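Just below is one structure, and these are the notes that go with it.
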Amino acid sequence: MSSNLYIAAAEAESGKSLVTMGIMSILSRHVKRLGFFRPIVRIDGHHDHDIDLISKRLALPFHHDEMYGLTNSEALDYLQENKVDDLLTAILDKYKKLEGKCDFIVVEGTDFTGTLKPFEFDFNTRLANTLAAPVMAVVNGYGKSVTDVADAAQMTKAVLAREKVNYIGMVVNRANNKDIDAIWEVLVKYQVNNEIDFVIPELEHLQKLTIRQIRNALNAERIYGDEDVFDYDVNNFRVGAMSIEHLLKYTDNGCLVITPGDRTDVLIGLFMSLLSDNFPKIAGIVLTGGYKPDKDMMLLINGIKKLPVAVLKVDTDTFTTAMNINNIKPLLTPDNERRMAIALGHFDAHVESKKLIEKVSLTPSGVMTPIMFEYQLYERAKRKRKHIVLPEGMDDRILRAAEILLNRDAVELTLLGNEEDILKKADSLHLKLTGINIIDPYDNDLINDYSATYYKLRKHKGITKETARDVMYDVSYLGTMMVYKGHADGMVSGAAHTTQHTIRPSFEFIKTKPGFSIVSSSFLMCFEDRVLVYGDCAFNPNPNAEELADIAISSADTAAMFGIEPRIAMLSYSTGSSGKGADVEKVRAATKIARTRRPDLLLEGPIQYDAAIDPSVAQTKMPDSKVAGKATVFIFPDLNTGNNTYKAVQRSAGAIAVGPVSQGLNKPVNDLSRGCLVKDIVNTVLITAIQAQEA
């Protein structure tokens, strides 16, 4: 079994960062203590980009300085004295210090930008042998013919063979889309020793700069724009030296306009174009020459709220600024969730994770980290894609989450709302929603069927046909009816609606599963090394014993659904048989009911939280229990206790709370918090899709 992997690029501009990020993401699902190391880095007073990318994205618990061997200048000192062996020893010493803290380390080779450039690949192969690491080679396919790729692949393999490297495979990255099949034939023809090979085509989107990258590279001052606009892609840039009526002829979607800072006419004209439906939506404006709009002009533009554009100021002249922007290299950054989704979706589509894991002989660690859990959600959802409806089609967060889910190819989505308005909103946010379905509640072919169905289901409650039709114009009812009729597999809402508005339609006609008396909820609490289930923390204020048993059984099923072995603790202020009082008796009765209904479940109660989670306390209070000290599902006796506990744990222990996950419904409908983040929406949609698979 290997304990490391060396990723070595055969040449510059190979897109090695994408390959490394993709492989690290795959390994993070299988390795508890995963490490990352770079032998030589260019720091120059700043952190290495790839170390920051990997460590922040995967929340690695190491200091930046632990994850590299030498700086470029330190390596140069060794080379000038012809001390190559000493250089390798120095790198090995740093590596060994990190190795003691890890179960597996991915080593990313050098960048073809420093002093080693003339013999860089040879150096990386020698270093891989020094670290006893198998090598995955990365060949740059950009702008190359099939013959060029074949030559590069053969040359790379020749060097690896000469150096007697443990070579496990090759990635041809940034290949021409039309040549994919031909490149595969070449790789298969020259395969040796059961190597694994992958071909990743060029994706133009990953080569675009973002406004944030431009701001950081130019050290520009922000004049206007919220944080979201800094993740906009820049499709091209234009120099705005002409009058506004002429400049507008040359702008297009995603354009960055570079203009002298004293051209207030251009600034105002571009702002007006963003307010108009007749002009494309530019991504940003860079004001040059060190000029900043005066006080009155700043008052004017800051009075226009939430305009989707960034305005930056730099001190350099217009020509120099344009040249500087042209020289910026596009980079993956951990804070751009949208770009990361595109990159990882592209990688996953062309690299078979199972083959990679088998090749490096990894076995699952048995530990569930938040990163592992998140990727498990994506993997599970993608196995059998489900159709999820999102009623709040005009919410910015919903649209951003929808694009991420589409890029990861995890689910099929339908948005509810006016199609023209939704697409305009998406366009203004520079989002691409290719392949998404949109249904207008006031203009669709479903309304007659849906209103007739609703009337049939609710006429015993005094609903008229006219009222039934009016109800179906409500997006929560329309979305829920789509799920009821099987036109969608699940629904996620609540970003802009109350819990009651979201869930009430499902109470009316989706209803509870046979054998369950209530709909309940649970939170998936993601800690550093495990995921626990808390229920019910959102729906039921004061459940009786029968309902509490329902919550326990539903929460156990939720845990099992997401790969968590259910060991259920029925919580109370007393452990075992010592406590007295109505509250303890309710938990004791609920425990008995749940055991009778589901004798297969490991279940303990009443039990205190410390006895349920802490093995040392459990040894004292319930030494013979199969649940005490190792519970994974925690059932709270009432909503007051559950809601406060999950929030206290979330804030004080730094746990990530995913949910609430609805339980007990015949079909999945899940509620969002109105303060939810884009990531919360993504996770809830994935959970809903998995629930639909299980159903």
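The values are calculated or read from the model by the stated rules, or taken from the named source; none is laboratory data. If you're wondering where the values come from, they're calculated on a predicted model, not measured in any experiment. When we count neighbours, we look across all protein chains shown, and the Cβ atoms used for this are built from the backbone with ideal geometry, even at glycine. Areas reflect the complete protein model, heavy atoms only, side chains present, ligands, DNA and RNA absent. Shrake-Rupley method; radii C 1.70, N 1.55, O 1.52, S 1.80 Å.
A compact table of results
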read-out	value
Tabulated pairs, the stretch 201-227, first closer than 18 Å to Phe237 by Cα, second of a type in the set (Lys, Arg) and surrounded by fewer than 19 Cβ atoms within 10 Å (Cβ to Cβ), C-beta under 9 angstrom, 6+ apart or interchain	His205/Lys432; Leu209/Lys329; Gln213/Lys329; Arg215/Arg222; Ala217/Lys329
Failed item in (1) closer than 21 Å to Ala341 by Cα; (2) loosely packed, with under 14 Cβ neighbours inside 10 Å, with Gly22 passing the rest	(2)
Residue count for the stretch 539-576, restricted to those that are touching a residue at least 60 places away in the same chain (Cβ under 8 Å), in a loop (DSSP other than H, G, I, E, B) and either open to solvent by 10 Å² or more (accessible area, probe 1.4 Å) or touching a Pro at 6+ places or on another chain (Cβ under 9 Å) (or both)	10
Flag if Leu27 is part of a helix (DSSP H, G or I), buried (at least 17 other Cβ atoms within 10 Å of the Cβ) and more than 23 Å from the chain's Cα centre (by Cα)	no
Residues of the stretch 39-52 that turn out to be out of contact with any Lys or Arg (no Cβ under 9 Å at 6 or more places or on another chain) and either crowded, with 22+ Cβ neighbours inside 10 Å or of a type in the set (Gly, Ala, Ser) (or both), as a count	3
Those residues of the stretch 510-538 which are of a type in the set (Ser, Thr, Tyr), open to solvent by less than 60 Å² (accessible area, probe 1.4 Å) and either more than 13 Å from Ile656 (Cα to Cα) or assigned to a helix (DSSP H, G or I) (or both), in sequence order	Thr512, Ser520, Ser521, Ser522
Inter-residue pairs, beta-carbon under 7 Å, first in contact (Cβ under 8 Å) with a residue 40 or more places away in the chain and open to solvent by 10 Å² or more (accessible area, probe 1.4 Å) and in the stretch 407-419, second in a helix (DSSP H, G or I) and not small (Gly, Ala, Ser), 6+ apart	Asn407/Ile342; Asp409/Lys382
Residue in the stretch 30-53 that is modelled with the highest pLDDT, counting only those that are more than 23 Å from the chain's Cα centre (by Cα) and charged (D, E, K, R)	Arg38
Count - residues of the stretch 43-74 that are out of contact with any Pro (no Cβ under 6 Å at 6 or more places or on another chain), of a type in the set (Gly, Ala, Ser) and in contact (Cβ under 8 Å) with a residue 12 or more places away in the chain	2
Number of the exception - Asp179 against (1) within 28 Å of Leu34 (Cβ to Cβ); (2) buried (at least 17 other Cβ atoms within 10 Å of the Cβ)	(1)
Within the stretch 190-296, strands (runs of 3 or more DSSP E) holding 2 or more residues that are open to solvent by less than 30 Å² (accessible area, probe 1.4 Å)	196-201, 221-224, 255-260, 284-288
Matching residues in the stretch 596-617 - criterion: being within 23 Å of Leu524 (Cα to Cα) and assigned to a helix (DSSP H, G or I)	Tyr609, Asp610, Ala611, Ala612, Ile613, Pro615
Residue within the stretch 303-313 that is open to solvent by less than 30 Å² (accessible area, probe 1.4 Å), assigned to a loop (DSSP other than H, G, I, E, B) and touching a strand residue (DSSP E or B) at 6+ places or on another chain (Cβ under 7 Å) present	yes
Residue list for the stretch 85-103, restricted to those being of a type in the set (Lys, Arg) and either closer than 18 Å to Glu120 by Cβ or open to solvent by 60 Å² or more (accessible area, probe 1.4 Å) (or both)	Lys96, Lys97, Lys101
Among the candidates Val172, Val149, Val165, residue that is buried (at least 17 other Cβ atoms within 10 Å of the Cβ) and under 31 Å from the mean Cα position of the chain (by Cα)	Val172
Count of the stretch 441-450 residues which are open to solvent by 50 Å² or more (accessible area, probe 1.4 Å), in a loop (DSSP other than H, G, I, E, B) and closer than 23 Å to Ile398 by Cα	1
Options Lys630, Lys592, Lys580: the member that is in a helix (DSSP H, G or I) and open to solvent by 40 Å² or more (accessible area, probe 1.4 Å)	Lys592
Close pairs (7 angstrom Cβ cut-off, 6 or more residues apart or separate chains): on the phi > 0 side of the Ramachandran plot in the stretch 229-255, hydrophobic (A, V, I, L, M, F, W, C) and assigned to a loop (DSSP other than H, G, I, E, B) anywhere	Gly254/Ala283
Complete set of residues in the stretch 633-671 that are of a type in the set (D, E, K, R), within 21 Å of Ser517 (Cα to Cα) and either open to solvent by less than 30 Å² (accessible area, probe 1.4 Å) or modelled with pLDDT under 90 (or both)	Asp671
Residues (open to solvent by less than 40 Å² (accessible area, probe 1.4 Å), farther than 11 Å from Ile439 by Cα and not in a helix (DSSP H, G or I)) located in the stretch 393-406	Asp395
Count of the stretch 451-509 residues which are under 21 Å from Ile681 (Cβ atoms) and open to solvent by less than 20 Å² (accessible area, probe 1.4 Å)	17
Any hit, the stretch 617-624, residues being open to solvent by 20 Å² or more (accessible area, probe 1.4 Å) and closer than 15 Å to Ala552 by Cα	no
Filter result for Ile438 (part of a strand (DSSP E or B) and in contact (Cβ under 8 Å) with a residue 24 or more places away in the chain)	yes
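Matching residues to (1) under 30 Å from Ile23 (Cα atoms); (2) touching a helix residue (DSSP H, G or I) at 6+ places or on another chain (Cβ under 7 Å):
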| residue | (1), (2) |
| --- | --- |
| Asn216 | yes, no |
| Glu221 | no, no |
| Asp226 | no, no |
| Val239 | no, yes |
